[in-house]
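Dumping the structure here so I can ask a few things about it.
Every number in this text was worked out from the coordinates using simple rules, so none of it is lab data. Since this is a predicted model, take the numbers as computed values, not measurements. No Cβ is skipped: glycine too gets one built from the backbone with ideal geometry, and neighbour counts run over all protein chains shown.
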Amino acid sequence: ENGQHLEMHAVEQIAGFRAMAAEGKTPAQTGDLLGYSPRHVQRMLKLAGLAPVILEALAADKITTEHCQALALEDNPDRQVQVYEAACRESWNNKPEVRVIRNLITESEVPTHNNSKFRFVGEAAFSADEVRADLFSDEQGGFVDRLALDTALLEKIQWVAECLKEAEGWAWCAGRMEPVSRCGEDAAVYRIQDEPDEVYTEQEQQRLDELQELYDENQTASDETDAMEAEMDAIGCAAQLRAWTPEMRAQSGVVVSWRQDDVYVQRGVILREQSETEDVPVQAPVYERQPEPVDDISVPLLTRMCAERTLAAQAALM
């Protein structure tokens with residue numbers, strides 16, 4: 001940081017910053033006075049809350065600020081000491097590894113940074129106690145309990161399934177962690193129908209042809225081509241939804257799950273027990289239907305409900 005204070009020991013910084021904070025100075029004010037960045041001051045103040053035993057080890061150069069930063073992931077001083085002592089026991093020279101400390105604290109947790117599940121669910125789904133912030137992460141990330149994250153993910157997937165059922169008119173819906181499989185236990189409960197061919201209106205087909213021609217003329221990606229892709233996706237979604245007739249939807253359901261770091265939607269899934277009870281033919285019935293607009297579903301909603309990637313992004317913001 002500042003050359004004048006370059007030789008200040010970490011413990012001296014912690015004590016000095018803590019004293020200035022007690023006088024009412026903000027991290028920015030302290031940093032200006034002593035030549036440190038506000039972020040550095042904030043980080044060292046976080047270390048001031050470590051258990052006295054750990055700060056004593058830092059003062060004696062038995063550990064470094066890196067060790068302290070890892071230990072600061074745990075707010076409970078008693079737990080900090082337990083982790084520190086356990087990490088020392090695991091080391092060959094009684095000097096713990098930073099990696100071991102971090103793993104001991106977060107063994108039942110997963111990182112939030114670049115975590116597709118956490119991004120989809122949203123931080124608002126958790127209380128402040130459920131997300132362990134990592135002040136020392138450059139990405140401003142943290143950790144969340146693995147089970148709590150999966151529970152929140154399943155709840156949101158089930159909510160998405162309910163939204164699709166109501167918006168598209170399916171007989172039933174389900175939200176689950178894994179997609180419905182064509183084999184194994186799922187095969188005894190569900191039957192997956194092949195998706196019917198899209199049904200386009202004359203206006204949609206004409207517009208799609210126009211967009212495709214314009215798109216082919218643009219050789220480089222741009223905001224304009226992105227807009228074209230979005231509109232073509234929306235038209236395709238409308239045609240795909242329209243292909244599932246009201247009769248088909250009345251006899252089958254929609255299943256929403258999580259696959260390859262994204263929401264995955266399976267439409268037209270038939271419950272075998274229900275179909276046998278109602279004496280529904282094994283093969284899905286084929287209906288002749290003239291193209292018509294999809295009632296009461298807007299283009300943005302169609303895009304969200306049909307394109308799984310768009311669904312995940314927009315549902316997470318709702």
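For the range 164-171, take each phi angle, set θ = phi - 60°, evaluate the Karplus expression 6.51 cos²θ - 1.76 cosθ + 1.60, and give the result in whole Hz per residue in order, putting x for glycine and proline.
5, 4, 5, 6, 9, x, 7, 6
While we're on this one: Pop out the ³J(HN,Hα) list for the range 151-160 in order, Karplus 6.51 cos²θ - 1.76 cosθ + 1.60 with θ = phi - 60°, rounded to Hz; leave Gly and Pro as x.
5, 5, 5, 5, 4, 6, 4, 5, 5, 4
Quick one: if the Förster radius is 35 Å, what FRET efficiency do residue 61 and residue 129 give, using the C-beta to C-beta distance and rounding to 0.05?
Using R0 = 35 Å, I get an efficiency of 0.55.
Same structure again: Using a 7 Å offset from the Cα along the Cα-to-Cβ direction at both residue 245 and residue 12, what is the distance between the two label points in nm, to one decimal?
With each label placed 7 Å out from Cα toward Cβ, I get 8.4 nm.
Could I ask something else about it? What are the residues whose amide H is under 5 Å from the amide H of residue 113, where those residues sit 5 or more places off or on another chain and H is modelled from the backbone?
142
Quick one: which residues, 5+ away or cross-chain, put their amide H under 5 Å from the amide H of residue 262? H built at 1.01 Å from N.
none
Here's another thing I want to ask about it. State, to one decimal in nm, how far the label point of residue 98 lies from the label point of residue 232, with both points 7 Å from Cα in the Cβ direction.
4.7
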